[in-house]
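What follows is one structure encoded as C-alpha cells, with my remarks underneath.
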Amino acid sequence: MTDLTGTGLLVAAVIKVLTLFTLLLVLVALATYVERRVAGFIQDRSGPNRVGPIGLLQAVADGLKSLLKEETSPDEASKSLFFLAPALTIVPATVLFAVIPFGSPLPTRWGLVELIVADVPIGFLYILALSSLGVYGLVLAGWASNSKYAFLGGLRGSAQMISYEIGLAMSLIPVLLLAGNVRMPELVSMQQSFEGGPGTFGLWFVLPLLVAAFVFFVSSLAETNRLPFDLPEAEAELVAGYHTEYSSMKFSMFILGEYAHLITAGALVTVFFLGGWDIPGWTGDNIRVLADGSVIGEPTWWKTVLTFTSFSLKTTLVVLVFMWIRWTLPRFRYDQLMDFGWKVFIPGLMAYISIIAIAIYVLESRGFEPGPAYAGILFAVNAALAGLVWFVLDRGVLVRGAASVPQAAKEME
Amino acid sequence: MAGHVKVMERPGKQGSYLSAVAGGLGVTLKHLINPHKVSQQYPDEKWELSPRFRGTHRMATHEDGRAKCVGCGLCPAVCPVNCIKLIPAEDENGERYAAVYEIDEFRCIFCGFCQEVCPVEAIHLGVHYENAEYSRERWVYDLERLCSQEHPVTALWDPSDAASE
C-alpha cells in the first residue's frame, strides 16, 4: 500500500478539510450548549433543556436569535478593523486543526489516507505560530471599538496571551526533547509501542512529562481566555471587556471563537500528552507511517473509526475538564495573573526543562533505549517534582491571606 | 443586639493554591453528579398555591349570569391604590347594579381589601397568577371578563383559625 499522489491527494485533502471543518463548527455550537448544561448541573440547576430533546437544539435557537438581532457599531469605531476582529478570533482556532492527527491512517482503494489535513514536517511550529495569532482578534476588537472598557480588555488580553504564550511554548520543549521530532503524527506514534522501527515510548507523555502536561493545560486555559484567566472580559470591572461594543452575530463570533479555541486546546492536550488517537491497552491500533512512506502495523477502516472515537472521547474529556474548572475557580487578580505567568511559570519551566534535559542525558548516556523503562524513570522524576511543587513550593505563592495583600502592594511599588 | 458573629479563619500565608483548587473541584464535581436539581420546569410543573394566595380578580355571578355586584361603592372606597372604577346604576325594579366595573390589574397590589369589604361577596381575588398580556389595555379587566374568570377564589383569612389549619 502506498501513499496517495496527485489528484487523489487533492481530493482526499478537500474531503478531509470539509469534514473536519463542518464537524468542528457543529461541535463548537454544541460546546456552547454543553457548557451551559455543565454550568447548570454544577449549580444544581438543569440548564437549557427546552429546545429540542434535552435542549440539544439550543445552539440553533441562539444562532437564529443572534442573526436576527440588531447590529450596532459605535460611531467612532474603526469600521474595517471592527469587522475584522471577530473573524480573527475564530480563524486561528479553526486552522490549528489542520495539523492535528485525528485517527489512524485509512486504507482506501487508491492508497493510504492519513487522517490529518496537512502532514507538514513543522506541524509543531505551525501550532505555536498560529495559536499566538488569536491575540489579534482581542486586541483589534478592543482597539477598534474606541471604548475605554473594550480597550482595557484588549490590552489585558494581549498582555495575558503574550505572557502565557511563553509558558505554552516552554512546556512543549520537554515534549520535543523526548520525541526528537516536530511532525505531529510522529508525536502520536512516539506515545505508542511498536515492533521495529525507531524506538518509541509506549506510554502517554502525560506520565513521563507530568509537570509539563499540567503547565500546558493551565497555559491553554489562559490562551483560551477562560476562567480563572478571563481577565480580558472581566465583567465585574470591564463591562464585557474587548467585546463590549459588539452585538448580534459579531458578538456570537467571539463566543464561537472562544469555543473553537477550547476544542482546539483540548485536541492539542490530547495529541501532546494523552496519546492522540491511541487506544490505551491495545497495540492493534498502533499504526505508524514513517517519513519515508513505509508503514508499520496493519491499517483497516474499523481501526480508523475506533481511533477517531478514542481521539474524540479524549478531546471531549479535556474540554469537559476545562468547563469544570471554569465553574469552580474564581478569577485571578491581575497582579496574581502576571506574577503567575512571569515569576512562577517561566523560571519554574526553565528549571524543569534543565532537569528533564539532564535526566534524558543521564538516561541516554547509560544506554537506555526509548521505551517504557525510560519513560517510567522520567515519570518518577516528574512525580517527585510534582510533589515538590504541591507540598513545598506552592505555599503562599499565589494565594495569600488578606492580611498580606498590603505587603504585595508594597512590593509592587 | 446580642448575637454571635462567626469570624472565618482567613488562610494564612502558607495556603496551597493547588490543594485549594483540588478541594474546590471536588465540591463542584459532587454537585455536577448530584441528580437533585432545584429548577422547577415552570410551564410543565407549577407551584402548588396556598388557598389564601391572592391573584387575579374574579366576580361572582347569580345563576342567570348577572354579576352579584350591587354597586355599593365600598370596594373603590377601600382600595388603597384606586384601581377599581365603579359607576353604579339602577334597573327598572329598583335594584342597583354596576353599569361600569373595571379593575386595573396593573395598579392592583392584591391586598384583598375589596374582597373583605364586599357586603354581597361579589368581588373576589383568585388563586391565579398567569395573566400576561400583549398590551397594557388588556390589563384593565371589565365586568364581563371578571365574571368569566374560572379559577378558584381566594380563601379569606379566618381570625379563629389564624394559622390556616
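Tabulated values for the structure
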| quantity | calculated |
| --- | --- |
| Members of region A:333-357 that are at the interface with chain B (Cβ under 10 Å from one of its Cβ atoms) and either surrounded by 21 or more Cβ atoms within 10 Å (Cβ to Cβ) or touching a Cys at 6+ places or on another chain (Cβ under 7 Å) (or both) | A:F340 |
| Restricting region B:110-145 to residues that are more than 16 Å from the chain's Cα centre (by Cα) and in a helix (DSSP H, G or I), the residue that is surrounded by the fewest Cβ atoms within 10 Å (Cβ to Cβ) | B:E137 |
| Single residue of A:I162, A:I255, A:I166 found to be in a helix (DSSP H, G or I), at pLDDT 80 or above and closer than 30 Å to A:Y374 by Cα | A:I166 |
| Conditions (1) more than 23 Å from the chain's Cα centre (by Cα); (2) exposed (fewer than 14 other Cβ atoms within 10 Å of the Cβ); (3) over 30 Å from B:Q40 (Cβ atoms): number failed by A:V26 | (1) |
| Residue satisfying condition, being within 14 Å of chain B (Cβ to nearest Cβ), surrounded by fewer than 22 Cβ atoms within 10 Å (Cβ to Cβ) and among the hydroxyl-bearing types (S, T, Y), within set A:T300, A:T328 | A:T328 |
| Criterion violated by A:F308 - all others in (1) in a loop (DSSP other than H, G, I, E, B); (2) touching a strand residue (DSSP E or B) at 6+ places or on another chain (Cβ under 9 Å); (3) surrounded by fewer than 22 Cβ atoms within 10 Å (Cβ to Cβ) satisfied | (1) |
| Candidates A:G153, A:G180 - the one that is out of contact with any His (no Cβ under 7 Å at 6 or more places or on another chain) and buried (at least 24 other Cβ atoms within 10 Å of the Cβ) | A:G153 |
| Residue match in region A:63-83 (condition: assigned to a helix (DSSP H, G or I), crowded, with 17+ Cβ neighbours inside 10 Å, in contact with a helix residue (DSSP H, G or I) (Cβ under 7 Å, 6 or more places away or on another chain) and free of Cβ contacts under 8 Å to residues at least 40 places away in the same chain) | no |
| Matching residues in region A:326-349 - criterion: being part of a helix (DSSP H, G or I) and in contact with a helix residue (DSSP H, G or I) (Cβ under 7 Å, 6 or more places away or on another chain) | A:Y334, A:D335, A:L337, A:M338, A:G341, A:W342, A:F345, A:I346, A:L349 |
| Residue match in region B:30-45 (condition: away from chain A (no Cβ under 14 Å), over 27 Å from A:I325 (Cα atoms) and among the charged types (D, E, K, R)) | no |
| Any hit, region B:67-85, residues being in a loop (DSSP other than H, G, I, E, B) and within 10 Å of another protein chain (Cβ to nearest Cβ) | no |
| Lone unmet requirement of (1) within 14 Å of chain B (Cβ to nearest Cβ); (2) in contact with a strand residue (DSSP E or B) (Cβ under 9 Å, 6 or more places away or on another chain); (3) of a type outside the set (S, T, N, Q) for A:F41 | (2) |
| Residue that is under 18 Å from A:G276 (Cα atoms), part of a helix (DSSP H, G or I) and touching a residue at least 40 places away in the same chain (Cβ under 8 Å), where the choices are A:L172, A:L140, A:L152 | A:L172 |
| Residue within region A:262-281 that is of a type in the set (A, V, I, L, M), crowded, with 24+ Cβ neighbours inside 10 Å and over 30 Å from A:V113 (Cα atoms) present | no |
| B:Y97 vs. criteria closer than 26 Å to B:S135 by Cα and at pLDDT 85 or above | no |
| Among the candidates A:G47, A:G6, residue that is farther than 27 Å from B:P35 by Cβ and either more than 14 Å from every other protein chain (Cβ to nearest Cβ) or touching a Gly at 6+ places or on another chain (Cβ under 8 Å) (or both) | A:G6 |
| Qualifying position, being more than 30 Å from A:R50 (Cβ to Cβ) and in contact (Cβ under 8 Å) with a residue 24 or more places away in the chain, among B:G71, B:G126 | B:G71 |
| Scope region A:30-47; condition small (G, A, S), crowded, with 19+ Cβ neighbours inside 10 Å and closer than 16 Å to A:L262 by Cα; matching residues | A:A31 |
| Hits in region A:212-240 - residues which are crowded, with 22+ Cβ neighbours inside 10 Å and either of a type in the set (G, A, S) or closer than 15 Å to A:I377 by Cα (or both) | A:A212, A:A213, A:S219, A:S220, A:A222 |
| Positions within region B:77-109 being surrounded by 14 or more Cβ atoms within 10 Å (Cβ to Cβ) and closer than 21 Å to B:W157 by Cα, in sequence order | B:V78, B:C79, B:C108 |
| Residue within region B:51-63 that is modelled with pLDDT under 85 and facing another protein chain (nearest Cβ under 7 Å) present | no |
| Some residue of region A:108-117 being within 14 Å of another protein chain (Cβ to nearest Cβ), in contact with a Lys or Arg (Cβ under 6 Å, 6 or more places away or on another chain), crowded, with 16+ Cβ neighbours inside 10 Å and not small (G, A, S) | no |
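The values are calculated or read from the model by the stated rules, or taken from the named source; none is laboratory data. Nothing here was measured: the structure is a model prediction, and the numbers come from that model. Ideal geometry is used to build each Cβ from the backbone, glycine not excepted, and the neighbour counts take in all protein chains shown.
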